[in-house]
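See below for the structure under consideration.
The values are calculated or read from the model by the stated rules, or taken from the named source; none is laboratory data. In this text, all values refer to a predicted model and were calculated from it rather than measured experimentally. Cβ placement follows ideal geometry from the backbone for every residue including glycine, while neighbour counts extend to all protein chains displayed.
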Amino acid sequence: MKQSYHPGYGGRKTKKKSRKFWWLFILILILSGSIWYAYQLLYSTNVYIVKDQEKYIDIPTGSDFEDVKKSLYSKGYIIHRKDFELVAKLKKYDLAIKPGRYILSPEMGNMELIDKLRSGNQDPVKVTFNSVRFADQLAGRIATQIEADSLSLILLMKDTAFLDSMGVDPSSLFTIMIPNTYEFYWNTTARQFISRMKSESDKFWSDGREEKLKNLNLNKLEVMTLASIVEKETNKNDEKARIAGVYVNRLKNGWLLEADPTLVFAHGNFAIKRVLNIYKEIDSPYNTYKNPGLPPGPICLPSVSSIDAALSPEQHTYMFFCAKEDFSGYHSFAATLDQHNVNAWKYQQALNKRRIMK
């Protein structure tokens, strides 16, 4: 029996397969496009940093998402802002802002950037301070490096109850401030900063220095005061112990210290180049030409090299010293007043020749 022939049946079947193919093809295209878009959104570079530009942002305590965007956008760090904001909201970063300093890399994608900000995995900052004369000057220096402002630091440096818990008072504050480079998180508070300094100070003094204190028969405040005078007498580390030895000899013999840097401090005029006799008349506890012993506290925050020099003064018979006439920064030392007068005359002649009169 002959089979019936249905024209068009095979064509309809072929068309149906063709439609399925095209639908599958379109679906694959859509999926591929979605995957590509998602990849670009999450992982392609969206951070741009100009060469030699700062590579970090600071997010202050209490910031919201608008503050973060303003900080990023103002520096031109974000290439595609809408993409950044979309991923931030998908990751709910806008609800979990964490303060701190965050270093950015030039080719960060949205995912990497937001994961870092959202985790609070901030990068430490290096805090350095030296060549400081007063507590408020120290506060100002620190405030440029961490979030705590100078006012909060100054107030805490004068808070006797807090300082008492640190074992110091305003006059002995510098005994726990050892100049160095320390790592802190940027959002460190004033209280956290001073507490950390106390901890670092304990380590510093326990490293064999406490024993040297006992041998000198001086306390920490006295050593820091002596070290501060040495600091202002010379920047030559290789003669600091010798200068410290001169002052120790004077103390042992009951002499006045007659330290010119204390007079400069008493006058508050740090531009003085030549200490004249008229300066020695000032009524101040820091006038070591009139008052016996060490002044009441440090005249600056001394460096570690000056502290160590004060703790290990050179043993010699020198009682005098003055700057060398060659202006090398070094000093001439003398055991007798006659020899010292010769050295001083040479230096005074050199000052006159250069017309340095005050």
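Please go through (1) assigned by TED's automatic domain parsing to the domain that holds Ala135; (2) of a type in the set (Ser, Thr, Tyr); (3) in a helix (DSSP H, G or I) for Tyr182 and return the number of the only condition it doesn't satisfy. If we test Tyr182 against (1) assigned by TED's automatic domain parsing to the domain that holds Ala135; (2) of a type in the set (Ser, Thr, Tyr); (3) in a helix (DSSP H, G or I), just (3) comes out false. Pairs are defined by a Cβ separation below 6 Å, a sequence spacing of at least 6 or placement on different chains, a first member in the range 170-197 that is more than 14 Å from Gln145 (Cα to Cα), and a second member that is among the hydroxyl-bearing types (Ser, Thr, Tyr); the pairs so defined are Ile176/Ser201; Ile178/Ser201; Pro179/Ser303.
Being under 19 Å from Thr45 (Cα atoms), in contact with a helix residue (DSSP H, G or I) (Cβ under 7 Å, 6 or more places away or on another chain) and assigned to a loop (DSSP other than H, G, I, E, B) is a condition met by no residue of the range 73-82.
Conditions (1) surrounded by fewer than 21 Cβ atoms within 10 Å (Cβ to Cβ); (2) aromatic (Phe, Trp, Tyr), marked per residue:
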| position | (1), (2) |
| --- | --- |
| Met224 | no, no |
| Glu233 | no, no |
| Lys240 | no, no |
| Tyr247 | no, yes |
| Val264 | yes, no |
| Asn277 | yes, no |
| Glu281 | yes, no |
| Tyr289 | yes, yes |
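I'd like the residue in the range 84-107 that is closer than 25 Å to Lys126 by Cβ and of a type in the set (Gly, Ala, Ser) and, out of all such residues, is surrounded by the fewest Cβ atoms within 10 Å (Cβ to Cβ). Going through the qualifying residues, I end up with Ser105. For Asn187, the criteria (1) modelled with pLDDT of 95 or more; (2) within 14 Å of Val304 (Cα to Cα); (3) under 26 Å from the mean Cα position of the chain (by Cα) hold in every case but one, which is (2). In the set (1) modelled with pLDDT under 95; (2) over 23 Å from Gly293 (Cβ atoms); (3) surrounded by fewer than 15 Cβ atoms within 10 Å (Cβ to Cβ), the condition left unmet by Leu151 is number (1). Within the range 91-115, the set of residues being in a helix (DSSP H, G or I) and aliphatic (A, V, I, L, M) comprises Leu95, Met111, Leu113, Ile114. If you filter the range 130-148 down to residues that are surrounded by fewer than 20 Cβ atoms within 10 Å (Cβ to Cβ) and either touching a strand residue (DSSP E or B) at 6+ places or on another chain (Cβ under 9 Å) or in a loop (DSSP other than H, G, I, E, B) (or both), you find that the one that is modelled with the lowest pLDDT is Ser131. Could you please find all residues in the range 305-340 being exposed (fewer than 14 other Cβ atoms within 10 Å of the Cβ) and either of a type in the set (D, E, K, R) or assigned to a helix (DSSP H, G or I) (or both)? If the condition is that a residue be exposed (fewer than 14 other Cβ atoms within 10 Å of the Cβ) and either of a type in the set (D, E, K, R) or assigned to a helix (DSSP H, G or I) (or both), then Asp326, Leu337, Asp338 are the ones that fit.
Matching residues to (1) under 28 Å from Asp67 (Cβ atoms); (2) not polar (S, T, N, Q):
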position	(1), (2)
Ser119	yes, no
Val127	yes, yes
Ala135	no, yes
Asp149	yes, yes
Phe174	no, yes
Ala190	yes, yes
Arg196	yes, yes
Glu211	no, yes
Leu218	no, yes
